[in-house]
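Inspection log for the structure reproduced underneath, given as structure tokens.
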């Protein structure tokens, strides 16, 4: 006589769809390394116009507010096009000697920037904004919230030849602040104070905290298909 036991099937929760409102490959790579496989939808926000409008209303903005305002604009622009998702927008700026810098507009500007940065210290601010467009029956909250993370960066003292060679690589033209810590610019950053992922362009600890505010844990975002 044979017998059989009933087995309760194990179900895997549906993966939460995270949409990154940024064209930055570094941000996507950072999320991927942390187990999250986002979709990417680049916003159509006119950053200069958004800042001009904000300054006309509120006056001059602090560097951390510039980063947060642009992150929010990007997230809300993409969220207006995407349903059933968590949309994350980010924007980074470098505060250096009281001035706010994004991506250099020319190689000459990048060279000048590095002469200013060489041997000095700046603060990299990254604004983060989350918009929840999921349906209520799927756990959606309709939340829209954000915050800025700031990390102090100490730059090595570079020779003129090092600056020229780094700018000639093209990398400084593609990133806020004209430097990276996870690419060719890594040897030129002597130390940081704060979250290193924030300098890459997205603070993983801060994003985790923002998600917790709407009742989500980080592991709910992890994709089971990614290698561990």
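The values are calculated or read from the model by the stated rules, or taken from the named source; none is laboratory data. If you're wondering where the values come from, they're calculated on a predicted model, not measured in any experiment. For neighbour counting, all protein chains shown are included, and Cβ atoms are generated from backbone atoms with ideal geometry for every residue, glycine included.
Name the residues in region 169-187 that are assigned to a loop (DSSP other than H, G, I, E, B) and touching a strand residue (DSSP E or B) at 6+ places or on another chain (Cβ under 9 Å), would you?
Correct list: 175, 179, 180, 181.
For the structure I just gave you, tell me whether residue 99 is under 22 Å from residue 64 (Cα atoms), without any contact (Cβ under 8 Å) to a residue 24 or more places away in the chain and out of contact with any helix residue (DSSP H, G or I) (no Cβ under 9 Å at 6 or more places or on another chain).
no
Does residue 71 count as modelled with pLDDT of 95 or more, closer than 17 Å to residue 211 by Cα, buried (at least 19 other Cβ atoms within 10 Å of the Cβ) and out of contact with any helix residue (DSSP H, G or I) (no Cβ under 6 Å at 6 or more places or on another chain)?
yes
With respect to residue 115, is the statement that it is in a strand (DSSP E or B) and modelled with pLDDT of 95 or more true?
So residue 115 does not fit the description; no.
Would you be able to tell me the number of residues in region 195-211 that are farther than 12 Å from residue 126 by Cα and touching a strand residue (DSSP E or B) at 6+ places or on another chain (Cβ under 6 Å)?
Residues meeting the conditions: 1.
Return yes or no: is residue 214 free of Cβ contacts under 8 Å to residues at least 40 places away in the same chain, closer than 25 Å to residue 129 by Cβ, touching a strand residue (DSSP E or B) at 6+ places or on another chain (Cβ under 7 Å) and surrounded by 17 or more Cβ atoms within 10 Å (Cβ to Cβ)?
no
For region 80-96, enumerate the residues that are outside any strand (DSSP E or B) and in contact (Cβ under 8 Å) with a residue 60 or more places away in the chain.
Across region 80-96, the qualifying residues are 82, 84, 85.
Going by the conditions given, is residue 14 in a helix (DSSP H, G or I) and either modelled with pLDDT of 95 or more or touching a helix residue (DSSP H, G or I) at 6+ places or on another chain (Cβ under 9 Å) (or both)? Even if it seems obvious, please write down each step before you answer.
On the way: in a helix (DSSP H, G or I): no; either modelled with pLDDT of 95 or more or touching a helix residue (DSSP H, G or I) at 6+ places or on another chain (Cβ under 9 Å) (or both): yes.
Spelling it out, it is not the case that residue 14 is in a helix (DSSP H, G or I) and either modelled with pLDDT of 95 or more or touching a helix residue (DSSP H, G or I) at 6+ places or on another chain (Cβ under 9 Å) (or both).
Considering each residue of region 190-203, count those that are surrounded by fewer than 19 Cβ atoms within 10 Å (Cβ to Cβ) and in contact with a helix residue (DSSP H, G or I) (Cβ under 9 Å, 6 or more places away or on another chain), and give that number.
Going through region 190-203 one residue at a time, the tally reaches 2.
Can you go through 142, 122 and tell me which one is in contact with a strand residue (DSSP E or B) (Cβ under 7 Å, 6 or more places away or on another chain), loosely packed, with under 15 Cβ neighbours inside 10 Å and within 20 Å of residue 71 (Cβ to Cβ)?
142
Residue by residue through region 153-186, note down the ones that are under 22 Å from the mean Cα position of the chain (by Cα), without any contact (Cβ under 8 Å) to a residue 60 or more places away in the chain and either within 14 Å of residue 114 (Cα to Cα) or surrounded by fewer than 15 Cβ atoms within 10 Å (Cβ to Cβ) (or both).
Correct list: 153, 154, 155, 170, 171, 184, 185, 186.
Quick check on my filter: what residues within region 192-211 are outside any helix (DSSP H, G or I) and on the phi < 0 side of the Ramachandran plot?
Of everything in region 192-211, those that are outside any helix (DSSP H, G or I) and on the phi < 0 side of the Ramachandran plot turn out to be 192, 193, 195, 202, 203.
How many of the residues making up region 19-76 are at positive phi and either in contact with a strand residue (DSSP E or B) (Cβ under 9 Å, 6 or more places away or on another chain) or in contact (Cβ under 8 Å) with a residue 60 or more places away in the chain (or both)?
Start the filter on region 19-76 by keeping residues that are at positive phi, which leaves 35, 59.
Checking which are either in contact with a strand residue (DSSP E or B) (Cβ under 9 Å, 6 or more places away or on another chain) or in contact (Cβ under 8 Å) with a residue 60 or more places away in the chain (or both) leaves us with 35.
Qualifying residue count, region 19-76: 1.
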